[in-house]
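**Student:** Handing you a structure now.
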Amino acid sequence: MNKNTPEQNAEAKAKIITIFGGTVLTATYEDQSAAAIRVRQLRLSEYEKAMLLVTDEIAITAYCCSLDATPEAPCLKDWAMTLHPKSYEEIRAKVQEVNKDGFFPYAARKQDLETKANEQWIRLAAGLPPEVLESMTKAGMSASRTLSPKPR
């Protein structure tokens, strides 16, 4: 009989997830087929790549998974687009759980820093004379046209 408290059970489960680098789930696809997948705990070396995907929930969910329940090889978004919606939601929730003490706090800190930097620029711009803002806007638009790919 298990004499642990719910908190002790949760802590033990978290340690197992960390030790094994994730947990295995069964993914169900729209065509009702199924496959074992691993919801991976992201490595620190993967954080910067994952940050590029963090605003796309489906892409970051797929990236945190690997097919055939192997611990390597992140999935691409195309794979996740074929999941049954209920299965996707279960996988997404598990991605959050498995990475709650790693990637997601890191991502929140990075986004918070970016938000603060943007707010600082907005406060700075608000104090500039209108003609300076207009000049900066025109210069920015001109630069973006110069850097944009040319149509073929």
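The values are calculated or read from the model by the stated rules, or taken from the named source; none is laboratory data. What you are looking at is a predicted structure, and each value in this text was computed from that prediction instead of being measured. Cβ sites come from the backbone with ideal geometry, for glycine too, and all protein chains shown count toward neighbours.
**Student:** Among the helices (runs of 4 or more DSSP H) confined wholly to the stretch 1-83, which include 3 or more residues that are at pLDDT below 90?
**Tutor:** Per the criteria, 6-20, 77-80.
**Student:** Would you check if there is a residue in the stretch 109-120 being surrounded by 12 or more Cβ atoms within 10 Å (Cβ to Cβ) and in a loop (DSSP other than H, G, I, E, B)?
**Tutor:** The answer is no, given that none of the residues of the stretch 109-120 is surrounded by 12 or more Cβ atoms within 10 Å (Cβ to Cβ) and in a loop (DSSP other than H, G, I, E, B).
**Student:** Okay, moving on. Name the residues in the stretch 23-58 that are under 19 Å from H84 (Cβ atoms) and among the hydrophobic types (A, V, I, L, M, F, W, C), would you?
**Tutor:** V24, L25, A27, A34, A35, A36, I37, V39, I58
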